[in-house]
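Shown next, in C-alpha cells, is the structure this report addresses.
The values are calculated or read from the model by the stated rules, or taken from the named source; none is laboratory data. Predicted model only: the values in this text are computed from it and were never measured. Note that we place each Cβ from the backbone using ideal geometry, even for glycine, and neighbour counts take in every protein chain shown. Keep in mind that these areas ignore ligands, DNA and RNA; they rest on the heavy atoms of the full protein, side chains included. Shrake-Rupley method; radii C 1.70, N 1.55, O 1.52, S 1.80 Å.
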Amino acid sequence: MPHKYSDWLMLGLLVALWGSAFAFAKIAIETVAPEWTMAGRLITGAVLLLPLALRAGEALPRNGQDWSWLAGLALVGNIAPFFVISWGQQYVPSALAGILIGFTPLATLVIAHVFLTEERITPMRAAGFVIGFAGLVVVLGPRALTDLTAGGERLLGQFAVLLGACLFACNNVMARRAPEMPLLVKASGVMLAGAFAGSALASAITPPATLADASAASLLGVAGLGIFSTGLAALVFFRLVDRAGATFVSLTNYLVPVFAAVAGFLVFGEELKLRVLMGLALILAGIAVSEWRASLKE
C-alpha cells in the first residue's frame, strides 16, 4: 500500500527535527556545559510531553518495575548519549557528528544479534555491517592514530559521538524488551525519569549557578534541543510509526546524517571533505544492504 503524501511530509519533518539536533547542540555547548545541555533538553522534553500525556487521560506507571525500565531507557537512550555526544561536539563539527551517529543502525545489528534471538545476523546483514564499518574507517581518516598521539581531542571527540551511537543502539534493543505501555506514557515517563536523573548528574558535575553565565544563544540552543529535537520529535515519531509503520520510519537512518551534514555546511560553513562524503556513502550503503531482506519481506 503506497504511503500518503502526509506521511512523507511527517517523515521529512522528523528528519529535520532529529537532524537539527547537532546544530542546536553546537550552539548550546558554546557557553553551556555538556552535562547541562543534556539535562536541559530532557527537562524541556518532559515539560512538553508530560502535560500532553495527562491531558490525553494517560496515567503514569505506579509500579517499581515499570519505572525501573523507564529509568534504564532514560539512562541508556537519553542521559548517557546526550552527554557524550554534547561533549564530543566540543571537538567535532556538527556535520561530522551527524554522520557518525548514522552508524547507529549497524551497531544495533551486532548488539541485537547477542541479546535478541529473533534478530540474528544473516549473511546480508553481515555484509552490510562490513561495508558500513569500512565507511566509518574512511570517515575517521588515516590520520586518526597521529591525532591521538598529538593530543587526540578531535579523535576522542569522534569516539565520544560513536559511543553515543552505540548507546542509542543499546537503547533500541532495550526498548524491544521493555514492558508494554502506551506510547505517550512511555515517552513522557522516559523524559521525566531522565530529567530528574540528568539534573542530579549535571548538578554533581557542575553547579547550576554556572548557567547564569550562559549566553542567550546557548540557552536558546538548549531549548531548541528540548522542544524540537527531543519532545516534538518523539510525538512525530510515535505518530508516524502508528500511521506508516516502523519500516517506513527507518528511512530516517539514511536521511538524518545527510541532513546534519548539509545543515552543518550551510549554517556553520563546516568543511565537508571528499573523504567524509565517501565514508557517508559507504555507511548509508551498509545500512541499505543490511535492511534489504527486511524490506523485501514487508
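Can you give the calculated 222 nm mean residue ellipticity of the chain, where each DSSP H run of n ≥ 4 adds -39,500 (n - 2.57) and the sum is split over every residue, rounded to the nearest 500 deg cm²/dmol?
Values: 17 runs with 222 residues, N = 298.
When only DSSP H runs of four or more count, the value is -23500 deg cm²/dmol.
Work out the length of the dipole vector of the chain about its Cα centre, built from +1 on the beta-carbon of each Lys and Arg and -1 on the beta-carbon of each Asp and Glu, and round it to the nearest 20 debye.
Working: 18 positive and 16 negative charges, 93 e Å.
My answer is approximately 440 debye.
Relative to the compact globular guide of 2.2 N^0.38 Å, what is the alpha carbon radius of gyration of the range 43-94, as a ratio? It would help to have the intermediate numbers written out before the result.
Numbers: Rg = 14.8 Å, N = 52, 2.2 N^0.38 = 9.9 Å.
Normalised by 2.2 N^0.38 Å, the Cα Rg of the range 43-94 equals 1.50.
With N set to the residue count of the range 162-280, report its C-alpha Rg divided by 2.2 N^0.38 Å to two decimal places.
Working: Rg = 17.5 Å, N = 119, 2.2 N^0.38 = 13.5 Å.
Against the compact-globule rule of thumb, the ratio is 1.29.
Computed on alpha carbon atoms, what radius of gyration and Dmax characterise the chain, expressed in Å?
So, for the chain, Rg and Dmax equal 18.7, 57 Å respectively.
Above 24 angstrom, tally the Cα pairs of the range 48-172 and express them as a % of all pairs, no decimals.
43 percent
Over the chain, with every protein chain in place, what whole percent of the accessible area is carbon and sulfur at 1.4 Å, could you tell me? Provide the component values of the computation, followed by the final result.
Working: 9880 of 14340 Å².
C and S atoms contribute 69 percent here.
Order 156-165, 272-281 from most to least packed using the mean count of other Cβ atoms within 10 Å.
Details: 156-165: 21.8, 272-281: 15.9.
Packing proxy ranking, top to bottom: 156-165, 272-281.
Given a 1.4 angstrom probe, what's the average accessible area per residue across the chain, in square angstrom? Mind showing how you got there, number by number?
On the way: 14340 Å² over 298 residues.
Solvent-accessible surface per residue comes out at 48 Å².
With no solvent and one equal point scatterer per Cα, compute the Debye intensity ratio I(q)/I(0) for the range 214-254 at 0.15, 0.23, 0.28, 0.35 Å⁻¹ and report its log10, rounded to two decimals.
For the requested q values the scattering log ratios are -0.47, -0.74, -0.88, -1.04.
Please label the shape of the range 226-289 as rounded, prolate or oblate, based on the square roots a ≥ b ≥ c of the eigenvalues of the alpha-carbon gyration tensor (a/c under 1.5 means rounded; beyond that, a/b larger than b/c means prolate, else oblate). All intermediate terms of the calculation are to be shown ahead of the outcome.
On the way: a/c = 4.26, a/b = 1.42, b/c = 3.01.
Because a/c hits 1.5 or more and a/b fails to exceed b/c, the range 226-289 counts as oblate.
What is the packing order of peptides 4-17, 255-268, taking the mean over residues of other C-beta atoms within 10 Å and listing the highest first?
Highest-to-lowest ranking by the protection proxy: 255-268, 4-17.
Please report the relative contact order for the chain, taking Cα pairs under 8 Å with a sequence separation of at least 6, and give it as a percent rounded to a whole number. Intermediate values should be presented prior to the final figure.
Numbers: 430 pairs, mean separation 125.8, N = 298.
The normalised contact order for the chain reaches 42 percent.
For the range 9-89, what ratio Rg/Rh do Cα atoms give with a Kirkwood hydrodynamic radius? Don't skip to the end; give the middle numbers.
Values: Rg = 14.8 Å, Rh = 14.4 Å.
A ratio of 1.03.
Accessible area of L167, 1.4 Å probe, to the nearest 10 Å²?
Accessible area of L167: about 30 Å².
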